[in-house]
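Student: Pasting a structure here, questions to come.
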Amino acid sequence: MLTGKFRASYAHVFEPQAPKGGGDPKYQITMLFPKSDVGAYQALRAEIDKALRDGVQNVFNGQMPARPKTPLYDGDGPRENGEPFGEECKGHWVIRASSKTKPSVVDLNVQPIIDPNAFYSGCYARATINFFAYNQNGNRGIGCGLNNVQKLADGEPLSGRTTAEEDFGGGNAWNGPSTYGTALSSTPPSQSPVGYGQPPAGYNQQPPGYGAPPIGYGQPPAGYNQQPPGYGAPPIGYGQPQMGIDPVTGRPFGGGGVMGIC
């Protein structure tokens, strides 16, 4: 059957993915159909019921299983293991389709999509799928096979990654060096964070008296280089002219007189 529009989740349509519980790797996709699309739900339900009827004749040995497993889940309810579905599943019907054969992935113009990044979890698509009955190891129910996928529109990536338009468009459009880093930081590139480039409080501050010389440093101790009284003074009379002695009279010359004459 050809589905209506759904949101893709857990999209592995370019490389096969091994199941968590083990088994052969498969190409797979989880399809999220909004509950508001009543027509899509009715079409899915009708195909599942048809597969059950066919299974009674060909797979279930002529008897309808009491509780056959089906691939259609309520995104507002629990998973098969009892855990809740993710937030992206709220308000949706959830179906997982898989295949061992690689599906063809095309765009709106039915041109092949080569770039794996062009089809991602979160984009919108439609697909051709088929329901089939199985009876394996006591498990009986309906499975969903994946055939081909067509991308219809972009959407918010479920992986948490942003699109190129979000990273480089709008307010992040290139406008010269002033736009550098605006998509990576909430701090405008022309402004530094408060305190940036300033030393922390008290940094390089010296404690009181730090670096000051000790009291009296550089001054001679008391009494240093002081001479005792009279030290270095010339003897009494030193530097004064000496009085000559008259060898005749034995008395000093006086008044500058001539030797021998008084």
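Student: Out of D54, D76, I need the residue that is more than 25 Å from K102 (Cα to Cα) and in contact with a Lys or Arg (Cβ under 7 Å, 6 or more places away or on another chain). Which one? Explain how you work it out, then say what you get.
Tutor: Values: D54 fails: in contact with a Lys or Arg (Cβ under 7 Å, 6 or more places away or on another chain).
Only one candidate passes the filter, namely D76.
Student: Can I ask one more? Can you tell me which of T101, T128 is farther than 18 Å from F6 by Cβ and of a type outside the set (D, E, K, R)?
Tutor: Numbers: T128 fails: farther than 18 Å from F6 by Cβ.
Answer to the check: T101.
Student: I'd like the full set of residues that are in a strand (DSSP E or B), modelled with pLDDT of 95 or more and over 17 Å from T128 (Cα atoms), limited to segment 16-45. Full working, then the answer.
Tutor: Within segment 16-45, the subset in a strand (DSSP E or B) is 16-17, 26-34.
If we keep only those that are modelled with pLDDT of 95 or more as well, we get 16, 26-34.
P16, P34 - these are the residues of segment 16-45 that are in a strand (DSSP E or B), modelled with pLDDT of 95 or more and over 17 Å from T128 (Cα atoms).
Student: Name every residue in segment 91-110 that is touching a helix residue (DSSP H, G or I) at 6+ places or on another chain (Cβ under 7 Å) and part of a loop (DSSP other than H, G, I, E, B), in order of residue number.
Tutor: none
Student: Shifting gears a bit: Taking segment 44-75 on its own, how many of its residues are farther than 17 Å from N139 by Cα and open to solvent by less than 40 Å² (accessible area, probe 1.4 Å)?
Tutor: 2
Student: For segment 72-90, how many residues are under 18 Å from I29 (Cα atoms), modelled with pLDDT of 95 or more and in a loop (DSSP other than H, G, I, E, B)?
Tutor: 2
Student: I'm trying to understand the selection: among the residues of segment 112-156, which are under 26 Å from the mean Cα position of the chain (by Cα) and over 20 Å from P16 (Cα atoms)?
Tutor: D154, G155, E156 - these are the residues of segment 112-156 that are under 26 Å from the mean Cα position of the chain (by Cα) and over 20 Å from P16 (Cα atoms).
Student: Restricting segment 83-116 to residues that are of a type in the set (A, V, I, L, M, F, W, C) and touching a Cys at 6+ places or on another chain (Cβ under 9 Å), which is surrounded by the fewest Cβ atoms within 10 Å (Cβ to Cβ)? Step through it out loud before you land on a result.
Tutor: Initial filter on segment 83-116 (of a type in the set (A, V, I, L, M, F, W, C)): 85, 89, 93-95, 97, 105-106, 108, 110, 113-114.
Now restrict to residues that are touching a Cys at 6+ places or on another chain (Cβ under 9 Å): 95, 97.
Details: I95: 22, A97: 24.
So the residue we want is I95.
Student: For segment 117-147, which positions are farther than 11 Å from A97 by Cβ, touching a residue at least 12 places away in the same chain (Cβ under 8 Å), surrounded by fewer than 16 Cβ atoms within 10 Å (Cβ to Cβ) and of a type in the set (S, T, N, Q)?
Tutor: Selection gives N135, N139.
The values are calculated or read from the model by the stated rules, or taken from the named source; none is laboratory data. None of the values given here were measured: they were computed from a predicted structure. Here Cβ is always computed from backbone atoms with ideal geometry, including for glycine, and neighbour counts include all displayed protein chains. Side chains are part of the model used for accessible areas, which takes the heavy atoms of the whole protein and leaves out ligands, DNA and RNA. Shrake-Rupley method; radii C 1.70, N 1.55, O 1.52, S 1.80 Å.
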